[in-house]
Amino acid sequence: MNKHDFPKIHFYDQDFVDIYNKTWNWASNYWLNPSNGEQDAEGYFVYPENGKYVINQFDSIFSTFFLVYSNRNFIAEQNIDYFYAHQEESGAIRWKYDLSSNEPITDETNTEGVGLPLFAWAEYNLYHKSANKRRVKDIMPVLQKYMDWLDVTFKKENGLYAAPFTASTMTNAPRKNSAYPVDFNACMAINASYMSALGDILNDKELSFQYRKMYFSIKTRINSMMWDNETNFYHDLDADGNRLPVKTIAGFWPLLAEIPNADKADCLVAHLNNPETFGTDHPFPSLSADAPEFSENGNGYCGSVYPAFNFMVIKGLEKYNQYELARECAIRHLYYILEGLMPADDKTPGDLYEAYMPCSEGKPTMDGNSSFPRNRYLATVSLSTIALMIENVIGLSISLPRKTVDWIIPNLEIMGIENLSLKRNLITILSNKSNRGWEIQMESEKLYYFTINIIDQKKKTLPMPSGKCSMLIDKLE
């Protein structure tokens, strides 16, 4: 295999395979050297706008979740390393930088230039796809200083964090009176939880305990102050600590943080299935469909479907073992992305977009912003066409340090992945129907443990030797 091969996927709907391949083919166009604007694999993954190269914390963190599958054609951590390198003495890391001057970019809505604190989540995932413990050790002091800065700058006496809601990128969402945004606080909990997990990787019990304690402290406050028993939802708070009535996609971040108990989680899942709130034809709108400001045309964060937030919700569903719903929503979402790329109307040019309409096919609009949505905005849409495709549609979950591959599927279909390179180990897993029944064919250069989980039917873990082998599903106990 040469370096330029990406992992191949197999799926019964060839359009899904095509959109996956197309995404990888386009991705190299956005690895740019900011000094000359030319393509450069050693550069940064950025979207040039008006001749400016701006590196964005939100996109950089999220892009690591699909770049880990590039078979090392792209350096998944390149962008986030830029942010670490520009950490200030105070521990501050700003949400955007101009790559030509390396100066932070702030605005009147976000004077500190704070972004959603999710570096530890990204690092935990990178560790499981690379098994690079040395990296965890090296970046930990940076992440600790960053968490200290967030505490000093944004934590209030009530134990919650008062940060601008625009830190989440949801610029025109109807959240104007938000003083304590539910998403920022849930992300603090997520980051603390993964900081604790990174501490465990380093066998640092003190570090692990410190952040576990921080996680539970934030979790308790979000549950007691932000949950509303009438709406069955998590809400932003105003400066006086009153819950604001609007329901936005931000209210699902607590799922990813594992904040709700089983009953609250069921209520959130009910919203995802309710067409009057978040169960629109194209899952999931950025604003609840029963909000007065909701727009079927999207209008930015007043209803548009954003791939990064869909990724967040689907990963949150996984935390509560809602694998079938996660897969079903990922597939529905991908069909709408496909419609945007290959419109039924031949006269309309297709593309991959930054956002989509919630109730019909096509791209949304935003009042006063003619450049919305951005075309081929791969930093986030690739989460759907690559990461969700591998992890939720095909259903593979991989951990290098644990030497495990879990395959979670609701039923057997002809699908799989071929030549996925994991640190000098190429793995192929394919399911096919033969005259002997359903057969899974595997190939690997090293031993690993394979768990097949056909939901509600069979679950079995087997050691897979190096070389080629196959297993018949009917023969599994």
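From the residues in the stretch 88-104 that are open to solvent by less than 50 Å² (accessible area, probe 1.4 Å) and part of a loop (DSSP other than H, G, I, E, B), which one is farthest from residue 151 (Cα to Cα)?
Out of the qualifying residues, it is 99.
Yes or no: residue 403 touching a strand residue (DSSP E or B) at 6+ places or on another chain (Cβ under 9 Å) and under 18 Å from residue 448 (Cα atoms)?
yes
Within the stretch 448-456, identify whether any single residue is under 32 Å from the mean Cα position of the chain (by Cα), loosely packed, with under 12 Cβ neighbours inside 10 Å and at pLDDT below 85, and answer yes or no.
Within the stretch 448-456 (the criterion being under 32 Å from the mean Cα position of the chain (by Cα), loosely packed, with under 12 Cβ neighbours inside 10 Å and at pLDDT below 85), the answer is yes, since at least one residue qualifies.
What pairs can you find where one residue is in the stretch 138-165 and farther than 15 Å from residue 181 by Cβ and in a helix (DSSP H, G or I), the other is at pLDDT 95 or above and open to solvent by less than 20 Å² (accessible area, probe 1.4 Å), and their Cβ atoms are less than 6 Å apart, with a gap of 6+ or different chains?
Going by the 6 Å Cβ cut-off, the qualifying pairs are 143/119; 143/120; 145/91; 146/91; 146/93; 148/91; 149/91; 149/92.
Every residue, every condition in (1) modelled with pLDDT under 95; (2) closer than 28 Å to residue 103 by Cβ, yes or no:
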| site | (1), (2) |
| --- | --- |
| 24 | no, no |
| 53 | yes, yes |
| 60 | no, yes |
| 71 | yes, no |
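So which residues in the stretch 132-166 are over 15 Å from residue 88 (Cα atoms), surrounded by 16 or more Cβ atoms within 10 Å (Cβ to Cβ) and in contact with a Ser or Thr (Cβ under 8 Å, 6 or more places away or on another chain), if there are any at all?
164, 165, 166
What pairs come out if I take residues in the stretch 329-342 that are more than 17 Å from residue 316 (Cβ to Cβ) and pair them with residues that are in a helix (DSSP H, G or I) and among the acidic types (Asp, Glu) whose C-beta lies under 7 Å away, six or more apart or interchain?
Pairs that qualify, where the first residue is more than 17 Å from residue 316 (Cβ to Cβ) and the partner is in a helix (DSSP H, G or I) and among the acidic types (Asp, Glu), are 338/15.
If you check every pair at least six apart or on different chains, which have Cβ atoms under 6 Å apart with a residue in the stretch 234-256 that is over 16 Å from residue 161 (Cβ atoms) first and a residue that is of a type in the set (Lys, Arg) second?
That search, which allows pairs on different chains as well, returns 256/315.
Aliphatic (A, V, I, L, M) and more than 21 Å from residue 244 (Cα to Cα): which single residue out of 262, 291, 270 fits that description?
262
Can you name the residue in the stretch 336-352 that is part of a loop (DSSP other than H, G, I, E, B) and of a type in the set (A, V, I, L, M) and, of all such residues, is nearest to the chain's Cα centre (by Cα)?
The extreme case among them is 352.
For the stretch 448-459, does any single residue satisfy the condition of being more than 22 Å from residue 7 (Cβ to Cβ) and of a type in the set (Lys, Arg)?
Checked against the condition, which is being more than 22 Å from residue 7 (Cβ to Cβ) and of a type in the set (Lys, Arg), the stretch 448-459 yields at least one hit.
Quick check on the stretch 32-45: of everything there that is within 24 Å of residue 420 (Cβ to Cβ) and over 20 Å from the mean Cα position of the chain (by Cα), which residue is surrounded by the most Cβ atoms within 10 Å (Cβ to Cβ)?
Restricting to residues being within 24 Å of residue 420 (Cβ to Cβ) and over 20 Å from the mean Cα position of the chain (by Cα), the top hit is 41.
Which numbered condition trips up residue 77, out of (1) in contact with a helix residue (DSSP H, G or I) (Cβ under 7 Å, 6 or more places away or on another chain); (2) open to solvent by less than 20 Å² (accessible area, probe 1.4 Å); (3) modelled with pLDDT of 95 or more; (4) not aromatic (Phe, Trp, Tyr)?
Looking at each condition in turn, residue 77 falls short on (2).
If you take the residues in the stretch 65-87 that are part of a loop (DSSP other than H, G, I, E, B) and free of Cβ contacts under 8 Å to residues at least 60 places away in the same chain, which one is farthest from residue 36 (Cα to Cα)?
My answer is 87.
Can you find, within the stretch 389-434, the residue that is surrounded by the most Cβ atoms within 10 Å (Cβ to Cβ) among those that are touching a residue at least 40 places away in the same chain (Cβ under 8 Å) and among the basic types (Lys, Arg)?
Within the stretch 389-434, the match that is surrounded by the most Cβ atoms within 10 Å (Cβ to Cβ) is 403.
How many residues are among the charged types (D, E, K, R) and either under 18 Å from residue 86 (Cβ atoms) or in contact with a Gly (Cβ under 6 Å, 6 or more places away or on another chain) (or both) when one looks only at the stretch 136-184?
Matching residues across the stretch 136-184 total 3.
It is to be established whether one or more residues within the stretch 181-194 are acidic (Asp, Glu), open to solvent by less than 20 Å² (accessible area, probe 1.4 Å) and either at pLDDT below 95 or assigned to a helix (DSSP H, G or I) (or both).
yes
The values are calculated or read from the model by the stated rules, or taken from the named source; none is laboratory data. From a predicted model like this one, the values you see are computed outputs, not experimental measurements. Positions of Cβ are generated from backbone atoms using ideal geometry, with glycine treated the same way; all protein chains shown enter the neighbour counts. Just the protein is used for accessible areas: all its heavy atoms, side chains included, with ligands, DNA and RNA removed. Shrake-Rupley method; radii C 1.70, N 1.55, O 1.52, S 1.80 Å.
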